[in-house]
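Visitor: Got a structure for you, written out below as structure tokens; questions coming shortly.
A short reminder: the numbers here are calculations on the coordinates, not readings from a lab. Because the structure is a prediction, the values reported are computed rather than measured. Note that each Cβ is placed from the backbone with ideal geometry, even for glycine, and that neighbours are counted across all protein chains shown.
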Amino acid sequence: MARARPTRAATVPGAGKMFALRAIGLVILARWLHSMGEMNFLPALRGMASSPVACLNLVFLFLLIVLPGAKARVERPFHPLPQWLRQALRIFGVLGCLFALWSIGLFVWDAGWRSAVQAIESTNGWLVVAPALYASVVWICRPRALWRTNVAARRFAIGRYAVSIDAATRTTIVWLESRKVGQYDARELSVRWPAGIEPAAAMPRSAPADARADAPAAGATAAEPGAVGQTASPAPAASTISATAIEPAASDAPAAPALPRHAAAGTAGRYPRIELLWDSPAAAGHNRQIVMRVRLVTEGDRVAARALDAALKQV
């Protein structure tokens, strides 16, 4: 008798974020009901109706628990919430955290540190947990790209932007957080680096070896004789080549123009900013249009930008 094959339960990316937001909302609501239970409900409800802060907290708890329009999807692992809901939760979370810190700080200023410590003990640490919960909501709903960088799948995340390249159709889709910026022909896109910074220079020395291996062989310049030695090493006669045979080849190459000291310090001291250009000869008025402009703040952004530049050149 054939036995039914059990289905494997796999979590959808983004479901954990929704679970965490609902758990935070339920914890705040439970604590709120517990505080109202210690008092009379009718006077507490009358006070809430006349308090704008309490009304904002009710709206915040409703959005946090219900999460209208939220859905975990595989293609959007970091953005299961709609854009308006995420922005609303961020605003309400910031307001709630500021109000909690202000009220706690005012209480500490009036009553003193000893009374504040006694209040923390009597509330089981709620005076410290409440601002942390509001801050957690703000951190969960922070601006970020749609996915992580995956060079093998041709998905790149640079700052808040996410770029996907389809090699079969030669199309590129650019996302700003969860909003689709547009769909372009990959052959009409190019990465423009700032003056004085080349794609190889944007890769830090502490970058992983697999990220450097993804760069094409054309990225090696003539001023890097080590790359010539590596490509010639598999040949049988490569061991007989002396260092004097490589020095004239390197010396014959034109030297790169030296930048002024103030220009080099300005580009190296700050975070470099790259631009993704769309140059379409078929679309009138879209020549050299800037699709995205983003700063390379982290090391992951630099690696993703260099990999994106190499992938666009290979399409």
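Visitor: Could you pull out every one of the helices (runs of 4 or more DSSP H) wholly within region 69-158 that has 1 or more residues that are buried (at least 17 other Cβ atoms within 10 Å of the Cβ) and touching a Gly at 6+ places or on another chain (Cβ under 7 Å)?
Guide: 83-111, 126-140
Visitor: Shifting gears a bit: Looking for something touching a residue at least 40 places away in the same chain (Cβ under 8 Å) and surrounded by fewer than 13 Cβ atoms within 10 Å (Cβ to Cβ) - is there at least one such residue anywhere in region 45-56? If you could, list the steps in order and put the result at the bottom.
Guide: Within region 45-56, the subset touching a residue at least 40 places away in the same chain (Cβ under 8 Å) is 53, 56.
Imposing the further condition that a residue be surrounded by fewer than 13 Cβ atoms within 10 Å (Cβ to Cβ) reduces the set to 53.
Yes, there is a match, as at least one residue in region 45-56 is touching a residue at least 40 places away in the same chain (Cβ under 8 Å) and surrounded by fewer than 13 Cβ atoms within 10 Å (Cβ to Cβ).
Visitor: Additional query: Could you tell me which residue of region 165-176 is nearest to the chain's Cα centre (by Cα), considering only residues that are surrounded by 19 or more Cβ atoms within 10 Å (Cβ to Cβ) and of a type outside the set (A, V, I, L, M)?
Guide: Per the stated criteria, the residue is TRP175.
Visitor: Of all residues in region 19-44, how many are aliphatic (A, V, I, L, M), farther than 16 Å from ALA100 by Cβ and surrounded by 15 or more Cβ atoms within 10 Å (Cβ to Cβ)?
Guide: So the count comes out to 3.
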